[in-house]
Amino acid sequence: MEEVEHSTNNNNNNNCRYDEPVECPECGSHSIVHDYEKGELYCGSCGLVMEEEIVDQGPEWRAFDSEQTMKRARTGAPASYTIHDKGLSTTIDWRNKDTYGKTISSGDQAKFYRLRKWQKRINVSDSSERSLVFALSEIDRMGSALGLSRSIREGAALLYRQAADKGLIRGRSIEGLSTAVLYATCRQYGVPRTLDELAGVSRIGKKEVGRTYRFISRELGLKLQPVSPVDLVPRFCSKLDLTGDVQAKTIEILGEAEEKDVSVGKGPVGLVAASIYIAATLLGRRRTQKEIADVTGVTEVTIRNRYKEIAEALDIGI
DNA sequence: AAGACGAAAGTGGTTGA
DNA sequence: TCAACAACTTTCGTCTT
């Protein structure tokens with residue numbers, strides 16, 4: 001385990017990748033929306049997604065001169081659920097220097113060695129603490145691999161703690177629990193990722209993620225709505241290089257399909273995939289079933305079945 | 001030749017007796 | 001606990017563009 005060093009890292013927090021205001025290349029509107037919750041950057045006017053999986057970096061405040069910077073900067077790292085002791089414990093630096101930067105005498109060095117040793121034992125004392133450390137780092141790793149916002153990773157860490165407090169870890173892999181809580185948190189925040197995507201950044205399979213997710217969802221009494229197909233549209237569309245008009249059409253189709261009761265009991269991903277296929281075809285931006293299948297993670301067969309059902313119900317001839 | 005189509009058999013999960 | 005069931009996948013042969 002590495003020692004956690006606290007530093008006030010305020011010097012290069014202002015390297016934001018997106019200088020605002022940005023103009024929408026599609027409709028020229030200036031109403032660009034930074035949705036850090038969904039990790040997306042899109043046009044509020046026409047819906048064009050310009051970036052997804054943007055990383056929320058830097059402080060939440062803005063400063064216009066150095067005086068404000070000094071005023072607004074707060075000392076120390078924020079208390080965080082993604083660090084096992086919430087970032088609040090003290091660590092003893094590994095450098096053999098005192099507070100004045102002078103090297104500590106060789107006699108004292110042995111003393112400090114013992115101090116460090118005990119310090120670590122106190123911080124990461126028992127096995128549950130140690131597994132928590134591992135789980136939280138895994139959540140953070142997977143979260144950033146999927147481009148999820150800080151708040152979602154924090155939420156997942158909190159959920160993991162709740163699971164740990166209830167003793168739900170026993171007999172289950174840490175990796176599985178970590179992946180499952182991350183999946184659950186994404187859904188809570190309305191930015192669903194598919195099981196495939198989670199399994200892709202995890203060391204365990206889709207099956208196990210699903211199983212563990214159902215388990216913790218039941219045990220912790222999470223009441224999660226089924227994934228809404230609409231939440232998946234922007235991400236899939238932008239991966240397919242489809243712009244706002246196709247997204248809007250897709251959402252329209254999904255809405256009508258819902259009304260006509262063709263979507264009951266069907267998997268949301270298949271519905272989205274088929275709706276995108278129809279919308280893109282109608283608007284002359286045709287994508288092959290295979291392209292859509294690759295992005296969405298369902299098979300071409302499923303796309304075909306859904307799109308036939310939807311097209312029939314909505315009287316759409318292609 | 002690539003894409004779309006559809007039949008058939010298999011998988012994993014839910015439900016209800 | 002087990003069988004029926006729906007959704008989805010895999011595979012493969014055929015048709016269409």
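Read-outs: derived from the displayed coordinates by stated rules, not from any lab. These figures come from a predicted structure and were not determined experimentally. Counting neighbours? That spans all protein chains shown, and the Cβs are built from the backbone with ideal geometry, glycine included.
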Alpha carbons only, please: Rg and Dmax for segment A:127-220, in angstrom. 11.6, 34
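Can you tell me, using C-alpha contacts under 8 Å and at least 6 residues apart, the relative contact order of segment A:167-313 as a whole percent? Working shown, then result.
Working: 155 pairs, mean separation 27.4, N = 147.
Relative contact order here is 19 percent.
So which chymotrypsin sites (Phe, Trp or Tyr not before Pro) in segment A:159-190 end up in coil per DSSP with only 16 or fewer other C-beta atoms within 10 Å?
Numbers: sites: A:Tyr160, A:Tyr183, A:Tyr189; in loops: A:Tyr189.
Answer by residue number: there is no such site.
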Over segment A:229-314, what is the mean sequence separation of C-alpha contacts under 8 Å (at least six apart), divided by residue count, expressed as relative contact order in percent? 33
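What do you get for trypsin sites (Lys or Arg not before Pro) in segment A:170-201 restricted to DSSP loop and a cutoff of at most 11 other Cβ within 10 Å of the site's Cβ? List each step's numbers first, then the result.
Numbers: sites: A:Arg170, A:Arg172, A:Arg187, A:Arg193; in loops: A:Arg170, A:Arg172, A:Arg193.
Those that pass, being in a loop and sparsely packed, are A:Arg170.
Rounded to the nearest 0.05, what FRET efficiency is calculated for A:Arg285 and A:Leu220 with R0 set to 41 Å and r the Cβ-Cβ distance? Numbers along the way, then the final one.
Details: r = 42 Å, r/R0 = 1.04.
Rounded to the nearest 0.05, the efficiency is 0.45.
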Take segment A:229-314, compute every pairwise Cα distance, and split them into 10 Å bins from 0; I just need the percent in each bin. 20, 61, 19
For the residue pair A:Lys260 and A:Arg141, what label-to-label distance in nm results when each label sits 7 Å from Cα along the Cα-to-beta-carbon direction? 4.7
Using θ = phi - 60° and the Karplus form 6.51 cos²θ - 1.76 cosθ + 1.60, what ³J(HN,Hα) does each residue of segment A:271-277 get, whole Hz, x for Gly and Pro? 5, 4, 4, 5, 5, 5, 4
Non-local residues with an amide H under 5 Å from the amide H of A:Leu168, with H modelled 1.01 Å from N and Pro and chain starts lacking one, are none
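Starting from 0.36 nm per residue, how many nanometres of slack lie between A:Glu129 and A:Ser173 once their C-alpha separation is accounted for? Display every interim value, and only then the final one.
Details: separation 44, 0.36 × 44 = 15.84 nm, distance 1.49 nm.
Roughly 14.3 nm would be gained on extension.
Would you mind ranking A:Lys249, A:Lys223 by Cβ crowding within 10 Å, fewest neighbours first? Provide the component values of the computation, followed by the final result.
Numbers: A:Lys249 19, A:Lys223 7.
Fewest-to-most Cβ neighbours within 10 Å comes out as A:Lys223, A:Lys249.
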